[in-house]
Amino acid sequence: MADDERRKEESDSGSGIGSIIVRLIVTAIILAIASFFTPGFSIVGLWSYIIAAVVITLIDWGVEKAMGVDASPFGKGVKGFLIAAVIIYLTQFLVPNMRVSMIGALLAALAIGILDAIIPGRAM
């Protein structure tokens, strides 16, 4: 009985392994679209997209747990938007073949926020 309740809580909160995998895939797709359309933001190579998606997901999760702030671009208004831009900017230091300027990070956070509203699933 306790296992059933735990599984229900995980599926309700979106923290199940299936939810994490979907989140990573959606993040990689959104990063690909954003890097194509956003000046000052580029990622080269499939593995770089996948690594960037993992890094962004982990940093986003850490920010949410540590600060209790939704780090999606439109999660908490301007604060969420700026945190998303900082996460994108910092990710370039951990991911090979990813380059982001400060303006590029801001534009990418905006593009990701718009795409996040269109594509089902939560990217950041």
ask   = Using the beta-carbon distance between residue 17 and residue 102 and R0 = 25 Å, what value does 1/(1 + (r/R0)^6) give for FRET efficiency, to the nearest 0.05?
value = 0.10
request  = At 0.36 nm per residue, minus the direct Cα-Cα distance, what do residue 78 and residue 65 gain on full extension? Give it in nm, one decimal, please.
outcome  = 2.8 nm
Per-residue HN-Hα couplings for segment 21-34 [Karplus 6.51, -1.76, 1.60; θ = phi - 60°; Hz; x = Gly/Pro] = 5, 4, 4, 5, 5, 5, 4, 4, 5, 5, 4, 4, 5, 5
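FYI, it's all coordinate maths here, none of it is from the lab. Quantities reported herein were computed from a predicted structural model and do not represent experimental measurements. For neighbour counting, all protein chains shown are included, and Cβ atoms are generated from backbone atoms with ideal geometry for every residue, glycine included.
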